[in-house]
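The values are calculated or read from the model by the stated rules, or taken from the named source; none is laboratory data. Quick caveat: nothing in here was measured; it's all calculated off a predicted structure. Quick reminder, even Gly has a Cβ in these numbers, built from the backbone with ideal geometry, and neighbours come from all protein chains shown. The area values use the complete protein model at the heavy-atom level, side chains included, leaving out ligands, DNA and RNA. Shrake-Rupley method; radii C 1.70, N 1.55, O 1.52, S 1.80 Å.
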Amino acid sequence: MQKINCLIVDDEPIARDILATYCAHFPYLNVVGAVTNALEIKPVLFEQKVDILFLDINMPVMDGVTFLKTLKNPPQVIFTTAYREYALDAFELSACDYLLKPFSLERFVVAVDKAMERLQVAGSPAAETTVPKKDDFIFIKTDGRIYKILFSDLLYAEANGNYTKIILANSTLLPAMTFSNFEEMLPGTTFVRIHRSFIVNKSKINHIEGNRIFLNTIELPIGTNYRDNLLKELGLTF
């Protein structure tokens, strides 16, 4: 089995030793370094390939969550921390797993397996030679919860100041997110801007009449500056 390079980052010597000991149980896990703070990570990343990063969160100088946001192409990250309240941040950053100290060897193995599954998918021949499959959903945080939104359920979105009103088939969400930021999360192949305040799911359009667009019983305006692009996106050139 190919070696999986691991980097341990924790300001506590005991925590570093535990992770190193756990890794030593598995010949395919190769610990390339163990550093004490976030600022020591990048030199290691520049010098060698790191597949899995065991990253503590509560550290001096810079916390692990803030550091991860600075990486454009991070390795697979497994957060390790004694603080449960950081789980939401870890989830939003697409970390492989979140190990709450003290964690067992069994729990460690579960986290590593998740990371290795992601590495296998990323390194498979199919992934290298074909167009990557796009997710058909996004996650949105609002009202203290995280909601999974399937694109197939999203009818349209409406600008609402510093918020975005998201209209789903059976519910409505109002996250504290600008309209432009939300638009960037949507695939252009499925959604189209029809007005400075509206984005619609093209598959939900029932018909267009004048400068109005209808999603069954829902009627929305088409902005003058958006009409030509809308028709182009729908394959209408007349």
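Would you confirm whether any residue within segment 81-94 is of a type in the set (S, T, N, Q) and in contact (Cβ under 8 Å) with a residue 40 or more places away in the chain?
No, the conditions are met nowhere in segment 81-94.
Looking at Asp56, is it in contact (Cβ under 8 Å) with a residue 12 or more places away in the chain and more than 23 Å from Lys114 (Cα to Cα)?
Taking the combined requirement at face value, the residue does not satisfy it.
Tell me, please, whether a residue that is charged (D, E, K, R), open to solvent by less than 90 Å² (accessible area, probe 1.4 Å) and either at pLDDT below 90 or out of contact with any helix residue (DSSP H, G or I) (no Cβ under 7 Å at 6 or more places or on another chain) (or both) can be found in segment 118-133.
No, segment 118-133 contains no residue that is charged (D, E, K, R), open to solvent by less than 90 Å² (accessible area, probe 1.4 Å) and either at pLDDT below 90 or out of contact with any helix residue (DSSP H, G or I) (no Cβ under 7 Å at 6 or more places or on another chain) (or both).
Quick one: in segment 145-194, which of the residues that are within 19 Å of Ile205 (Cα to Cα), β-branched (Val, Ile, Thr) and in contact with a helix residue (DSSP H, G or I) (Cβ under 7 Å, 6 or more places away or on another chain) is surrounded by the most Cβ atoms within 10 Å (Cβ to Cβ)?
Among those that are within 19 Å of Ile205 (Cα to Cα), β-branched (Val, Ile, Thr) and in contact with a helix residue (DSSP H, G or I) (Cβ under 7 Å, 6 or more places away or on another chain), it is Ile194.
Quick one: Asp113 ticks every box in (1) over 15 Å from the mean Cα position of the chain (by Cα); (2) open to solvent by 60 Å² or more (accessible area, probe 1.4 Å); (3) modelled with pLDDT of 90 or more; (4) under 30 Å from Lys165 (Cα atoms) bar one, so which box is it?
Of everything listed in (1) over 15 Å from the mean Cα position of the chain (by Cα); (2) open to solvent by 60 Å² or more (accessible area, probe 1.4 Å); (3) modelled with pLDDT of 90 or more; (4) under 30 Å from Lys165 (Cα atoms), Asp113 misses just condition (4).
If you take the residues of segment 19-60 that are surrounded by fewer than 20 Cβ atoms within 10 Å (Cβ to Cβ) and touching a Ser or Thr at 6+ places or on another chain (Cβ under 9 Å), which of them is nearest to Asn73 (Cα to Cα)?
Lys42
Against the conditions (1) open to solvent by 60 Å² or more (accessible area, probe 1.4 Å); (2) more than 27 Å from Asp143 (Cα to Cα), where does Phe214 fall short? Just the number, please.
Unmet for Phe214, out of (1) open to solvent by 60 Å² or more (accessible area, probe 1.4 Å); (2) more than 27 Å from Asp143 (Cα to Cα): (1).
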